[in-house]
Each structure stands twice: as structure tokens, then as C-alpha cells.
């Protein structure tokens, strides 16, 4: 899942822990490591290179995530040249979210994505395909309905729980 290249004891561990303290601005309980955004950390004597995967290319929080990751790595490894960049290969998928990240999503009222169904990522036009209800993160009921395929970001939809009557968001499913 997350690849750490040449991360040694000491500074490497401190850098990784610092990145684990950087939280997604749109989903505050989730760290960028729990969302699987950190693809690679490479240490050398002079520099630390960090590659991040955006959850989607148009994410409005990319600049904030990059700045906070740079600041966290600089504080963990003073004296090193820190380079943080976004890479687009491999593609980020919701399969990269850790179990702790899935729990944090639920605690924030967002249903995490289900289990993978193949290796292709397709987000269908919801109006053209039948949809399954998402499990409510508040009460666990499956008696839910999608209110809108268009959530606050491209990767999430808005749902409503008929059991506890709470609105919630859910990641759009991957389909084969």
C-alpha cells in the first residue's frame, strides 16, 4: 500500500510520524498517512523527498496539504532540504485508506468506501445506474437513500438515513 523507500530508524521514523500528524483539511480527523496520500519518503544526507498522491487532481486542499507536510517534515528533520511534490502515478484509490482512516471517516459522519471490486476505478454517472444505499455511519442501518450524487467533493455523495434520520456523506463506490 504505502511505500517508504530508504526510511531508516531515527530521522526516517520521525519524518513518518510528523506526516502522520498532518490532517486532511476537508476531513480533519484523517491524517494524510491514514488516507494513503503519502506514496514515498526518500531520505539522503542532505534532503528529504516526499511524494504525495492527490485523492483527485482538482482537490482544492492540495496547496494546504503540501504546505503542512513541508512544515511537518522540516520540524522533524531540521537542516535537511525538504521537497514535497504531488505525483499522479500510481493513482490514488480509496483502497489506500487504512483501517484507522476508515474509523476516522465514520467518526466524522462519512461512510468509507466498500471493498474493492476489481482494479479499475470508475465513478459512474449516478443518474444512469441503479445505486445501493450506503451504511449509515451513525447507526449502522442499511436503510438509506442517496440524496445527491454530487457531494462537497467529486469523490463523495450525500445520503440520508431513514432509520436515524441523519444526513451523511459516503465515498462513491468503485465499479468494475
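Here, each number is a calculation from the coordinates, and none is a lab measurement. Being a predicted model, the structure only gives us computed values, none of them experimental.
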Just round it to a whole percent: the fraction of Cα-Cα distances in region 11-86 exceeding 19 Å. 25 percent
Of all DSSP beta bridges located in region 11-86, what percent are antiparallel, nearest 5? 50 percent
Once you have the Cα-Cα distance between residue 100 and residue 83, take 0.36 nm times their residue separation minus that, and quote the gain in nm to one decimal. 3.4 nm
